[in-house]
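The next block holds one structure in the form of structure tokens; read it before the comments.
Coordinate-derived values only; no laboratory data. Since this is a predicted model, take the numbers as computed values, not measurements. Methodologically, a virtual Cβ is constructed for each residue, glycine included, from the backbone with ideal geometry; neighbour enumeration extends over all protein chains shown.
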Amino acid sequence: MFITLEGSEGCGKTTQSQALAEFLRQKGYDVLLTREPGGTAIGEQIRAILANPHNTAMQLRTEILLFQASRAQLVEEVIRPHLARKGIVVCDRYADSTLAYQGYGYRQIPIEQIRALVEFATGGLEPDLTFLLDLEVEIGLRRRAQDGAINRLDTYELDFYRRIRAGYLELAHQQPKRWVVVDATPDFDQVQAELRRVVLARLPGA
Ligand code: TYD
């Protein structure tokens, strides 16, 4: 089973993925927890390029391709082999992040063009289950700020994240069998309990 977690800033994806992976391991499943961009030696090098604040000249097309390069490596090197061994893969962000951020967020390149690149990068591998940890933009950015990150909360930034959130909800709407939208407003334990409930209900033999 291939599970991905998606959502905008401050939704708690990363800690929720870790707790979910740990829970499934304790149930005896062979769980691989990974993240995007990164997750492989090559992918982590690409992540460093994407995260480097000196790379201000980076073009949106370059950014999209770098995310896909990291993803292609992760799919072939890590995700497919683990699924082939009948393991569970939990991935903190995946293809839908590109559609939401580079597609709906920036709105400069038609979503269908981006979708084609994503499909090329993944070789068509789609998650079996994708959680959207949905959160009001202001709440998410405030949570992130409490974590120590810089946050100017200007209108441009707010609108960008609002488009991302709306984009995610649109993606979930398009594929309701794959997506489960979880309200990320409640406390950590409540959200985690919901993730566990959904996963257990879908695992064969659980
Ligand atoms: P990260 O430090 O992992 O933050 P988060 O906890 O929000 O996941 O940074 C990942 C950033 O990269 C995040 O802002 C989302 C962005 N991103 C894209 O824009 N497109 C993508 O395809 C992926 C995988 C991530």
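Limited to the range 22-35, what total is found for residues that are in contact (Cβ under 8 Å) with a residue 60 or more places away in the chain and either buried (at least 21 other Cβ atoms within 10 Å of the Cβ) or of a type in the set (Val, Ile, Thr) (or both)? Within the range 22-35, residues that are in contact (Cβ under 8 Å) with a residue 60 or more places away in the chain and either buried (at least 21 other Cβ atoms within 10 Å of the Cβ) or of a type in the set (Val, Ile, Thr) (or both) number 1. Taking the range 1-47 as the range and being of a type outside the set (D, E, K, R), out of contact with any strand residue (DSSP E or B) (no Cβ under 8 Å at 6 or more places or on another chain) and within 13 Å of the ligand (Cβ to nearest atom) as the test, the residues that pass are SER8, GLY10, THR15, PRO37, GLY38, GLY43, ILE46. In the set (1) assigned to a helix (DSSP H, G or I); (2) surrounded by 14 or more Cβ atoms within 10 Å (Cβ to Cβ); (3) without any contact (Cβ under 8 Å) to a residue 40 or more places away in the chain, the condition left unmet by THR62 is number (2). Within the range 73-100, being within 12 Å of the ligand (Cβ to nearest atom) and either on the phi < 0 side of the Ramachandran plot or free of Cβ contacts under 8 Å to residues at least 24 places away in the same chain (or both) holds for LEU74, CYS91, ASP92, TYR94, ALA95, ASP96, SER97, THR98, LEU99, ALA100. Return the residue satisfying two criteria in turn: it lies in the range 17-49 and is aliphatic (A, V, I, L, M), more than 16 Å from the chain's Cα centre (by Cα) and part of a helix (DSSP H, G or I), and of such residues it is farthest from ILE64 (Cα to Cα). Across the range 17-49, the extreme among qualifying residues is LEU24.
Scan the helices (runs of 4 or more DSSP H) fully inside the range 84-203 and keep the ones with 3 or more residues being of a type in the set (Phe, Trp, Tyr). Fully inside the range 84-203 and qualifying: 155-174.
Checking PHE67 against (1) among the aromatic types (Phe, Trp, Tyr); (2) closer than 18 Å to GLN102 by Cα; (3) more than 9 Å from the ligand (Cβ to nearest atom), which test does it fail? Status for PHE67: all satisfied but (3). Of the residues making up the range 101-121, those that are within 13 Å of the ligand (Cβ to nearest atom), under 19 Å from GLY38 (Cα atoms) and over 14 Å from the mean Cα position of the chain (by Cα) are LEU117, ALA121.
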